[in-house]
Amino acid sequence: MDAAGKLLNQSQGRDRVFRATQYACALSIYLLRNTSQRKELVAKLKSLEASLSAGRKLFRLGNTVNSIEAAKRTVQLPDRVLSLCLTAANVNRALYFLCDNALWAQNVRLISHIDKERWSLNASRFYLVSLVMNLTTDLYFIVQLMTQKARDKHFRRKMESHLSECPEVAEVVVPRLDAFLFLLLASLRSDPTVALDTLKNICDLFIPLDKLGIYKSNAGVVGFCGLVSSLIGLLTVLHPKLKIKT
């Protein structure tokens with residue numbers, strides 16, 4: 001109950017709950033699409049999914065301003081790479097929310113005469129760029145973690161011991177691949193926040209890629225990836241220490 005209260009008392013938490021439910025509905029609809037006995041259930045799930053999508057648009061009305069404020073903060077970061085990537089991500093996220101707000105206003109007939117399909121595609125483009133910049137940030141953190149690990153003498157001895165256990169694999173299959181993977185996994189284990197954020201952004205990436213037709217998947221893949229991403233988002237709201245620190 002405390003966890004539920006903590007989630008529902010935060011706007012971000014409520015959005016994550018709605019988002020997880022929305023994508024769970026999308027995944028369920030895909031899995032039940034060929035089951036004739038479940039047509040009524042599928043219809044109800046489609047209605048619930050549409051309602052949740054509309055509700056989330058309402059929750060996001062103030063997010064454009066939040067993203068602009070975040071961009072103002074990240075542009076002042078001393079690390080130039082982080083500053084560039086995070087500022088670009090926040091600016092594109094603000095533009096995404098702006099398009100999203102316009103679509104909501106059109107749906108409730110506050111404004112008219114806008115090309116809904118064009119604005120929807122523009123929103124997906126801005127969302128995609130934002131995710132790419134976030135993934136670039138994740139990659140930057142991963143490289144830093146791997147560099148720090150590689151300099152650790154204790155870790156180097158551990159890696160040499162690991163490689164000596166199966167030298168034929170390291171030499172015959174792909175040179176240095178085993179060492180690279182060992183270093184990568186050890187680096188991600190040392191900071192789970194980076195691993196979680198990377199997984200979340202990769203899952204989210206399938207949504208705009210499918211929408212824009214860059215990489216067509218299906219409703220099941222989009223629903224599953226959206227659900228995984230939403231659950232990770234819920235986890236970081238419940239346990240802020242799991243949220244990546246920038």
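The values are calculated or read from the model by the stated rules, or taken from the named source; none is laboratory data. Source: prediction; values computed, not measured. Note that we place each Cβ from the backbone using ideal geometry, even for glycine, and neighbour counts take in every protein chain shown. Remember, those area values only see protein heavy atoms, side chains included, never the ligands or the DNA or RNA. Shrake-Rupley method; radii C 1.70, N 1.55, O 1.52, S 1.80 Å.
State the number of residues belonging to the stretch 1-36 that are closer than 24 Å to Ile207 by Cα, modelled with pLDDT under 90 and polar (S, T, N, Q).
3
Looking at the stretch 37-46, is at least one residue in contact with a Leu (Cβ under 9 Å, 6 or more places away or on another chain), at pLDDT 85 or above and closer than 26 Å to Val237 by Cβ?
yes
So, of the residues in the stretch 17-39 that are assigned to a helix (DSSP H, G or I) and polar (S, T, N, Q), which turns out to be most open to solvent (accessible area, probe 1.4 Å)?
Going residue by residue through the stretch 17-39, those that are assigned to a helix (DSSP H, G or I) are 17-31, 36-39.
With polar (S, T, N, Q) added as a condition, the list becomes 21-22, 28, 36-37.
Numbers: Thr21: 54, Gln22: 21, Ser28: 43, Ser36: 75, Gln37: 150 Å².
Selected residue: Gln37.
In the stretch 182-234, how many are assigned to a helix (DSSP H, G or I), open to solvent by 30 Å² or more (accessible area, probe 1.4 Å) and of a type in the set (Gly, Ala, Ser)?
Final tally of qualifying residues: 3.
Can you work out which of the residues in the stretch 235-246 that are open to solvent by less than 40 Å² (accessible area, probe 1.4 Å) and touching a Lys or Arg at 6+ places or on another chain (Cβ under 8 Å) is farthest from Thr137 (Cα to Cα)?
Among those residues, the one meeting the criterion is Val237.
Looking only at residues that are more than 22 Å from Ala71 (Cβ to Cβ) and basic (Lys, Arg) in the stretch 84-126, which one is most open to solvent (accessible area, probe 1.4 Å)?
Here the residue is Arg109.
Can you say whether Ser47 is of a type in the set (Ser, Thr, Tyr), surrounded by fewer than 17 Cβ atoms within 10 Å (Cβ to Cβ), over 20 Å from the mean Cα position of the chain (by Cα) and in a helix (DSSP H, G or I), as far as the supplied structure shows? Explain how you work it out, then say what you get.
Working: of a type in the set (Ser, Thr, Tyr): yes; surrounded by fewer than 17 Cβ atoms within 10 Å (Cβ to Cβ): yes; over 20 Å from the mean Cα position of the chain (by Cα): yes; in a helix (DSSP H, G or I): yes.
Yes, satisfied.
Condition test on Lys57, is it surrounded by fewer than 18 Cβ atoms within 10 Å (Cβ to Cβ) and modelled with pLDDT under 90?
Yes; evaluated as a whole, the condition is true for this residue.
Can you find even one residue in the stretch 91-98 that is without any contact (Cβ under 8 Å) to a residue 40 or more places away in the chain, of a type in the set (Val, Ile, Thr) and not in a helix (DSSP H, G or I)? Steps first, please.
Filtering the stretch 91-98 down to residues without any contact (Cβ under 8 Å) to a residue 40 or more places away in the chain leaves 91, 93-98.
Keeping just the survivors that are of a type in the set (Val, Ile, Thr) gives 91.
Next cut, not in a helix (DSSP H, G or I) only: none.
No, the conditions are met nowhere in the stretch 91-98.
For Val132, which of the numbered conditions (1) surrounded by 15 or more Cβ atoms within 10 Å (Cβ to Cβ); (2) touching a Ser or Thr at 6+ places or on another chain (Cβ under 7 Å) fails to hold?
Every condition holds for Val132 apart from (2).
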